[in-house]
1. According to the Kirkwood expression over distinct Cα-Cα pairs, how big is the hydrodynamic radius of the range 97-253, in Å?
2. Could you check how much of the accessible area of the chain is carbon and sulfur, as a whole percent, using a 1.4 Å probe?
3. Looking at the chain, what % of its DSSP beta bridges pair antiparallel, to the nearest 5?
4. Please give the solvent-accessible surface of Tyr311 in Å², to the nearest 10, using a probe radius of 1.4 Å with every protein chain present.
5. Could you name the aspartates and glutamates whose alpha carbon sits less than 13 Å from that of Lys252, not counting residues in the same chain fewer than 8 places away?
6. Which semi-axes, in whole Å and largest first, does the equivalent ellipsoid of the range 39-174 have when worked out from the alpha carbon gyration tensor as the square roots of 5 times its eigenvalues?
7. Under 17 Å from a label point 7 Å along Cα→Cβ of Asp222: give me every residue in the range 175-213 with its amide N that close.
8. Calculated FRET efficiency, Arg9 and Asp66, Cβ-Cβ r, R0 45 Å, to nearest 0.05?
Amino acid sequence: MKILAYGVRDDEMPYLEEWQKQNPDVEVKAVPELITDETVEWAKGYDGVDVYQQLPYTDTVFEKLDSYGIHNVSLRNVGVDNMNPEAVKKYNMNITNVPVYSPAAIAEFSVAQLMNLLRRTKEYFHKFDRNDYRWAPQISHELNDQVVGVIGTGHIGQVAINIYKGFGAKVIAYDKFHNPELEKEGLYVDSLEELYKQATVITLHIPLFPETEHMLDKAAFDQMNDGVFIVNASRGPLIDESALIDALDSGKVAGAALDVLEDETKVFNKDLTGKNMDYPEFWNLTSRENVLVSPHTAFYTDVAVKNMVQYSLSANKDLIETGTSDKLVKF
Ligand code: COI
């Protein structure tokens with residue numbers, strides 16, 4: 001059995017080699033290149049491919065895989081928003097993802113960034129660099145004094161809720177699907193409007209679907225409390241970036257922690273030292289003292305990367321051996 005793993009980074013290799021030792025019946029070849037209309041040809045003769053990329057998977061990639069008789073595609077990440085569901089169905093692809101590689105990695109990072117926002121650390125560090133060691137005017141806020149509105153109560157949202165409760169914050173939550181435990185605790189509000197009305201912090205932990213794109217738009221910001229804080233470590237397009245910029249200008253939003261951006265594939269996980277890039281919203285947001293932008297790094301821990309590599313390879317092996325997997329994505 002042969003698997004070709006695309007887009008493999010150096011930091012993933014030890015976990016891939018460890019899995020390979022535990023599964024000597026499988027031959028895994030790793031290449032650093034992403035799967036594209038051209039590199040897909042390298043998969044000829046393999047039984048499955050293991051992939052990760054933020055760039056879109058083109059329809060041609062699936063068409064070519066189908067023509068080589070390969071229908072087993074395992075993602076090393078969770079999000080499937082960069083593939084066309086129609087193409088997946090048309091070419092009979094079996095796609096697996098890694099739905100739970102480390103919810104804590106993302107939840108902990110989003111809480112840490114909120115703490116940085118509330119305690120205004122970016123401003124203090126900048127003052128410090130200028131030899132200005134005064135306190136004022138950066139009076140900050142306490143997490144235990146916030147009403148944290150968690151949108152999305154899946155694996156990551158639930159871990160975030162537990163951390164926030166530990167800090168003594170009041171937590172409210174919104175999700176179309178209610179978790180029975182959280183339901184018992186009475187954490188759910190009935191509508192997003194209600195969450196916007198009550199929350200002093202709003203944190204997003206939902207996937208990107210056509211219906212969630214730009215869920216935080218001008219109309220949503222208008223319903224929120226003045227001085228609300230926004231945290232997004234999910235998907236950039238959940239927020240309309242121009243509406244966020246207007247809301248920051250007006251003071252409606254007091255600060256934002258953004259691990260993801262609408263057009264992040266232009267910038268994140270790339271070395272653009274000395275290069276100019278055409279992304280006005282990126283420059284606008286990153287220049288603000290009350291906005292923390294990080295390069296989609298919330299997931300990036302040793303625990304998460306190990307699980308992403310090893311769970312995805314096991315899922316690919318399952319697909320090849322049995323035609324299915326407990327990580328099969330329903331499109
Ligand atoms: C995902 O798992 O879908 C993520 O967002 C993390 C990815 C950038 C590796």
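The values are calculated or read from the model by the stated rules, or taken from the named source; none is laboratory data. Small disclaimer: the values here were computed from a predicted structure and weren't measured. In this analysis, Cβ positions are derived from the backbone assuming ideal geometry, glycine residues included, and neighbour counts consider all displayed protein chains. Areas reflect the complete protein model, heavy atoms only, side chains present, ligands, DNA and RNA absent. Shrake-Rupley method; radii C 1.70, N 1.55, O 1.52, S 1.80 Å.
1. 16.4 Å is the Kirkwood radius here.
2. The C+S portion of the solvent-accessible surface of the chain is 52 percent.
3. That works out to approximately 5 percent antiparallel.
4. The accessible area of Tyr311 comes to roughly 90 Å².
5. Those aspartates and glutamates meeting the cut-off are Asp217, Asp222, Asp226.
6. 45, 19, 11
7. 192-194, 196-197
8. 0.95
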